[in-house]
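Notes to accompany the following structure.
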Amino acid sequence: MSKFITPLIILAILIRLVLAVFTHHADLGALALAGKVIAGEGKILTFYDSVNVTDSSGTHLNIYQTVFNYQPLAYLIPSAFYLPFRNIVLQTGELVRDEKFVTQNPAPLNFQLLLYKYPMILADLALLWLLPQFFADKKKKNLVMLLWAFNPIAIYVSSMLGQVDIYIALFLAVGLLAYQKNRPFLASVLIAISALFKPAGLIIFPLIGLHYYVTKKNLLKSLLIVATGFGIYLLGILPYLHSVTYKYYALFAEQIGKSTYAGISIASGTDIPFFFIFFALTIVLIWKKKISLSTATTVALLSSLVFSHFHPQWLIWIMPWFIISAVKSGDYFMYLLTSFCWLAILLSFDSTLNLGLFLHSRLSLPPSLTSSSYFKDIILMARAGLVAVLVWMMVDYEKN
């Protein structure tokens, strides 16, 4: 297999580059607009408020008809990559979010899209280098590289949507690798950095602290590890806490509460969220030394997704673990099941998130299909499949 690895990796990179210039989603526009404001206009500390102005009557107006509802690094990191192309970003950053960007560019491909997606593609490719670090055997190193190189979710998130969730996957994976190499404080810092893109990583800090205490019996150091993670996160958001816009749209964003929507009703108006239940079970498994930190992290993050109407790119956060686990065990069923369930769920979203991503295609599934009870049952089965994967992870645990 070694002699084929290089041409296959090159092919995977080419697939990413080709798809990047042929696909467009309006969500990329927020990153492009942030690039215009940050890299182009230098508003590093005030970019959250740059979309709002106050007219002479005191009315607040959203001049770009968009908001920045992610954490700071979600906009600062891509903008840093846009700096060498400052003039282009100033001219086009505002246009990418608009449907006119597609209609005014009649060609079936657009190389400006590659400019705005390349920071995410680089993070995607960084995982190609990172994941083999979890293995000593050369065959397994090559295999994990290939599985990531052709992972459909990774390609979709980095090259088609162009979303920063790929950075969350990267920093979570680096953090878990650092923990495995007995560098828990570095792990905490790296996971905090992931939370400065989107705050999903915040739920991992208590797991790190508990796992370290259970395995090392050092309470003070365990508490310091947790405090380090939360401290780095607070330092990252501190420069933006003065912004009302940041606090309203990003710090307390509506999507943060999605994980607690579904639950068990125990009284009128009182529900126990399924996410809380599985998070509590994860804590018990760590305490009983029945689960590794990487598995616990994946269980916690997956439980925050499967009981909600999650966005299709969010599953990328934990895909590195599925690939690593599959290669370690030699059992690829759960990896394939998760991928197929994701693909089915993806088709249930608006066409702009699947077939309609391709420039000028206007493709979508037939309404007669999407409205049929059979199609809806397939989607529900796919969502149930992810719940089954979650339960399996907690039963067929790995301790190391």
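Under 12 Å from the Cβ of T282, count the other residues' Cβ atoms, weight Lys and Arg +1, Asp and Glu -1, and hand me the total.
Numbers: positive: K288, K290; negative: none.
Taking every Cβ under 12 Å from that of T282, the sum is +2.
Can you report the principal axis dimensions of region 201-245 using only the alpha carbons, biggest first, rounded to whole angstrom?
The Cα atoms of region 201-245 stretch 42, 16, 9 Å along the principal axes, largest first.
Mind checking which helices in the chain clear 18 Å along their axis (Cα) and have mean Kyte-Doolittle hydropathy of 1.6 or more, DSSP H runs only? It would help to have the intermediate numbers written out before the result.
Details: long enough: 2-22 (31 Å, 2.27); 111-130 (28 Å, 1.36); 165-180 (23 Å, 1.66); 219-237 (28 Å, 1.96); 274-287 (20 Å, 2.82); 293-306 (19 Å, 1.62); 333-347 (21 Å, 2.11); 373-395 (32 Å, 1.56).
Membrane-span-like by this rule: 2-22, 165-180, 219-237, 274-287, 293-306, 333-347.
Under a crude label model (7 Å from the Cα following the beta-carbon direction), how far is A80 from I5 in nanometres?
Reported label-point gap for A80 and I5 is 2.9 nm.
Would you rank W392, W129, W314 by solvent-accessible area, highest first, keeping every protein chain in place and using a 1.4 Å probe?
Details: W392 65, W129 170, W314 25 Å².
So the residues, ranked largest to smallest area, are W129, W392, W314.
Which links in K139/K328; K216/K328; K181/K328 stretch past 19 Å when you go from one Cα to the other? List each step's numbers first, then the result.
On the way: K139/K328 11 Å; K216/K328 25 Å; K181/K328 17 Å.
Checking Cα-Cα distances, K216/K328 exceed 19 Å.
Starting from the Cα of H360, step 7 Å along the direction of its Cβ; do the same at I378; then give the gap between the two resulting points in nm.
Distance between label points: 3.0 nm.
What number do you get for region 187-305 when its Cα radius of gyration is normalised by 2.2 N^0.38 Å, N = residues?
Working: Rg = 15.8 Å, N = 119, 2.2 N^0.38 = 13.5 Å.
Rg over 2.2 N^0.38 Å, computed on Cα atoms: 1.16.
Rg(Cα) of region 173-240 divided by 2.2 N^0.38 Å?
For region 173-240, the normalised Cα radius of gyration is 1.04.
Between A267 and I44, what length comes free when the chain is fully extended (0.36 nm per residue of separation minus the Cα-Cα distance, one decimal in nm)?
Values: separation 223, 0.36 × 223 = 80.28 nm, distance 4.76 nm.
Result for the pair: 75.5 nm of gain on full extension.
Over the Cα atoms of region 348-400, what Rg and Dmax result, in angstrom?
Radius of gyration, then largest Cα-Cα span, for region 348-400: 16.5, 50 Å.
Using alpha carbon coordinates only, what is the Rg to Rh ratio of the chain, with Rh defined as the Kirkwood radius?
Values: Rg = 21.5 Å, Rh = 22.3 Å.
Ratio of gyration radius to Kirkwood radius for the chain: 0.96.
Across bins of 10 angstrom width beginning at 0, how are the C-alpha pair distances of region 279-368 distributed, in whole percent?
All Cα pairs considered, the percentages come to 14, 36, 30, 14, 5, 1.
Of the accessible area of the chain, with the probe set at 1.4 angstrom, what percent is carbon plus sulfur? Present the calculation step by step, with values, prior to reporting the outcome.
Details: 12270 of 18200 Å².
About 67 percent, which is the carbon plus sulfur part of the accessible surface.
The values are calculated or read from the model by the stated rules, or taken from the named source; none is laboratory data. If you're wondering where the values come from, they're calculated on a predicted model, not measured in any experiment. Neighbour counts run over all protein chains shown; Cβ positions are idealised from the backbone, glycine included. SASA here: full protein model, heavy atoms, side chains in, ligands and nucleic acids out. Shrake-Rupley method; radii C 1.70, N 1.55, O 1.52, S 1.80 Å.
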